[in-house]
1. From ARG56, ARG61, ARG74, grab the single residue that is surrounded by 10 or more Cβ atoms within 10 Å (Cβ to Cβ), in a helix (DSSP H, G or I), more than 15 Å from the chain's Cα centre (by Cα) and modelled with pLDDT of 95 or more.
2. Determine, yes or no, whether VAL91 is modelled with pLDDT of 95 or more, part of a helix (DSSP H, G or I) and open to solvent by less than 80 Å² (accessible area, probe 1.4 Å).
3. Return only the number of the condition from (1) open to solvent by 100 Å² or more (accessible area, probe 1.4 Å); (2) of a type in the set (Val, Ile, Thr); (3) modelled with pLDDT of 95 or more that VAL2 does not satisfy.
4. Could you look through segment 97-114, keep only residues that are in a helix (DSSP H, G or I) and among the hydrophobic types (A, V, I, L, M, F, W, C), and pick out the one that is least open to solvent (accessible area, probe 1.4 Å)?
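The values are calculated or read from the model by the stated rules, or taken from the named source; none is laboratory data. Keep in mind that what you see is a predicted model, and the values were worked out from it rather than measured. Because the Cβ atoms are built from the backbone with ideal geometry, glycine has one as well, and the counts that use them run over all protein chains shown. Side chains included, ligands, DNA and RNA excluded: accessible areas come from the protein's heavy atoms. Shrake-Rupley method; radii C 1.70, N 1.55, O 1.52, S 1.80 Å.
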Amino acid sequence: MVEADLERAEERAEAGEMKIVELEEELRVVGNNLKSLEVSEEKALQREDSYEEQIRVMTTRLKEAETRAEFAERSVQKLQKEVDRLEDELVAEKEKCKALTEEMESTLQDIQSM
């Protein structure tokens with residue numbers, strides 16, 4: 001009976017030692033995974049910082065572009081008003097020229113008929 005107890009105790013000790021080896025291996029794998037995750041986290045944080053900087057730069061560029069676009073739109077409106085004014089002035093001058101031409105032709109006919 002003592003020998004049987006001893007044999008069972010030795011078997012349990014061997015099983016326990018094997019379990020320890022398995023758990024140590026699992027711990028080593030988990031440790032490696034943790035290191036890998038820490039490296040991945042650091043890279044992700046660096047990418048996040050880079051993306052945030054890109055967003056800041058792009059936001060600034062967008063605001064500048066919007067400001068330039070607004071200025072350009074105002075300039076276009078002013079220029080269009082000037083074009084409209086000049087076209088109106090051109091039409092008026094053409095009408096004056098036509099009226100003067102007609103008056104000159106009329107005067108010339110009056111002189112010729114004298």
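1. Working: ARG56 fails: more than 15 Å from the chain's Cα centre (by Cα); ARG61 fails: more than 15 Å from the chain's Cα centre (by Cα).
Matching residue, one of ARG56, ARG61, ARG74: ARG74.
2. Working: modelled with pLDDT of 95 or more: yes; part of a helix (DSSP H, G or I): yes; open to solvent by less than 80 Å² (accessible area, probe 1.4 Å): yes.
Against the criterion (modelled with pLDDT of 95 or more, part of a helix (DSSP H, G or I) and open to solvent by less than 80 Å² (accessible area, probe 1.4 Å)), VAL91 qualifies.
3. (3)
4. We begin by selecting, within segment 97-114, every residue in a helix (DSSP H, G or I); these are 97-112.
Now restrict to residues that are among the hydrophobic types (A, V, I, L, M, F, W, C): 97, 99-100, 104, 108, 111.
Working: CYS97: 77, ALA99: 53, LEU100: 102, MET104: 135, LEU108: 94, ILE111: 105 Å².
Among those residues, the one meeting the criterion is ALA99.
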